[in-house]
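Undergrad: Please find one structure pasted underneath; my questions will follow.
The values are calculated or read from the model by the stated rules, or taken from the named source; none is laboratory data. It should be emphasised that the depicted structure is a prediction, and the values quoted were computed from it without experimental measurement. No Cβ is skipped: glycine too gets one built from the backbone with ideal geometry, and neighbour counts run over all protein chains shown. Heads up: the accessible areas ignore ligands, DNA and RNA and are worked out on the full protein's heavy atoms, side chains in. Shrake-Rupley method; radii C 1.70, N 1.55, O 1.52, S 1.80 Å.
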Amino acid sequence: MSHQTSIQAILVCQGVEFQAVCRGLRRVPNSTTSVIPIPVGTNANSRYLPQNQYLQELLNHPQPRVLVMGLCGSLTKRYGVGEVVLYQNNIYQENANTSLQQRSCDRTFTSQLQSHLQKKVPLVTALTSDRAICSADEKRHLHQTLGAEVVDMEGFAILEFFEQTRASVAMLRVVSDGCDRDIPNLNSGLSSDGSLQPLALAVAMLKQPIAATRLIRGSLQALKVLEQVTTLLLQN
């Protein structure tokens, strides 16, 4: 990647997503990009990001470039499992009675990433949700009512944190579950500090074995793509 598009830090959710990005980065010789594991969820990141020592130091850089990576869920048939997407903007609605908020990613940085990948990576509007969206009906409903094309649980909080800084932020994610099938309800396995509870997640998976198998298969496919695209992005 050219000097103009160098990336100082990658933010990615702790666990398997973080591990996939690290594997991809290990294939890039002499990389100076740092990979920072972040918690899962909006509130957890709102608390965590201001306290992260490395991010505080990074913000002293004249023009820091931060790339958010990871997995996302699709809200439309347009994007299937394994598809790479770049965010244009991220929307968030605290509840049905509050207005929709929006934050945008850095256009120039995003465009440079798109060019570097040398293939047509779609630009999408993402919804940040406070909980995992598990039913196909709700996914389609969110697409129809809000216009969002993918969903995650961290993006809006990250953009909000960096909004008052000099950092340029882009977001690239890989679809791990489509809009046409239910996935297990994983919300009981997410703790308030953004960590995952393995036992609770296992119980949720066992309650819906077919949906769990589908989710695991999609996640493994998406993680492989995430690893590959990390290498591709960070190579000169």
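Undergrad: Please compute the net charge surrounding LEU159, taking Lys and Arg as +1 and Asp and Glu as -1 over other residues with Cβ under 11 Å from its Cβ. Write out the running numbers ahead of the final one.
TA: Details: positive: ARG103; negative: ASP106, GLU154, GLU160, GLU163.
Counting the neighbours of LEU159, the net charge comes to -3.
Undergrad: Taking amide hydrogens as modeled 1.01 Å from N in the peptide plane, which residues meet the under 5 Å criterion relative to ASP182, leaving out close sequence neighbours?
TA: ALA136
Undergrad: Same structure, new question: Ignoring ligands, DNA and RNA, please state the percent of accessible area on the chain from carbon and sulfur, probe 1.4 Å. Working shown, then result.
TA: Working: 5610 of 11500 Å².
Exposed carbon and sulfur together represent 49 percent of the surface.
Undergrad: Take ALA136 and SER192, extend 7 Å from each Cα along the Cα→Cβ direction, and tell me the distance between the two endpoints in nm.
TA: Taking the two extended label points, one gets 3.6 nm.
Undergrad: Sequence gap at least 6, Cα distance under 8 Å: using those rules, report the relative contact order of the chain to the nearest whole percent. Could the numbers behind the result be given before it?
TA: Details: 481 pairs, mean separation 71.3, N = 236.
Relative contact order here is 30 percent.
Undergrad: Using protein chains only and a probe of 1.4 angstrom, how many square angstrom of HIS61 are accessible, to the nearest 10?
TA: 70 Å²
Undergrad: Accessible area per residue, 1.4 Å probe, Å², for region 96-229: what's the number? Present the calculation step by step, with values, prior to reporting the outcome.
TA: Details: 6820 Å² over 134 residues.
Solvent-accessible surface per residue comes out at 51 Å².
Undergrad: Quick check: the angle from helix 107-117's long axis to the longest principal axis of the chain, C-alpha only, nearest 10 degrees?
TA: 90 degrees
Undergrad: Select from LEU146, SER188, VAL175 the residue farthest towards the positive end of the dipole of the chain; place +1 on Cβ of Lys and Arg, -1 on Cβ of Asp and Glu, and compute about the Cα centre.
TA: Sorting the options by dipole projection puts first VAL175.
Undergrad: Moving on to the next point. Which residues' amide hydrogens lie under 5 Å from the amide hydrogen of ILE38, considering only partners 5 or more residues apart or on another chain, with H built in the peptide plane?
TA: VAL12, CYS13, GLN14
Undergrad: While we're on this one: I want to check a number: in the chain, how many lysine pairs have alpha carbons closer than 22 Å, given a sequence separation of 8 or more or different chains?
TA: Numbers: LYS77/LYS119; LYS77/LYS120; LYS77/LYS139; LYS77/LYS224; LYS119/LYS224; LYS120/LYS224; LYS139/LYS207.
Lysine pairs meeting both conditions in the chain amount to 7.
Undergrad: Rounded to whole Å, give me the distance from the Cα center of region 191-217 to that of region 72-130.
TA: 25 Å
Undergrad: Place a point 7 Å from the Cα of LEU59 along the Cα-to-Cβ direction; which residues of region 129-167 have their backbone N under 11 Å from it?
TA: Answer for this model: 161-167.
Undergrad: Please report the antiparallel percentage of DSSP beta bridges with both residues in region 1-144, rounded to the nearest 5.
TA: On the way: 4 of 19 bridges.
If I count the DSSP bridges inside region 1-144, around 20 percent turn out antiparallel.
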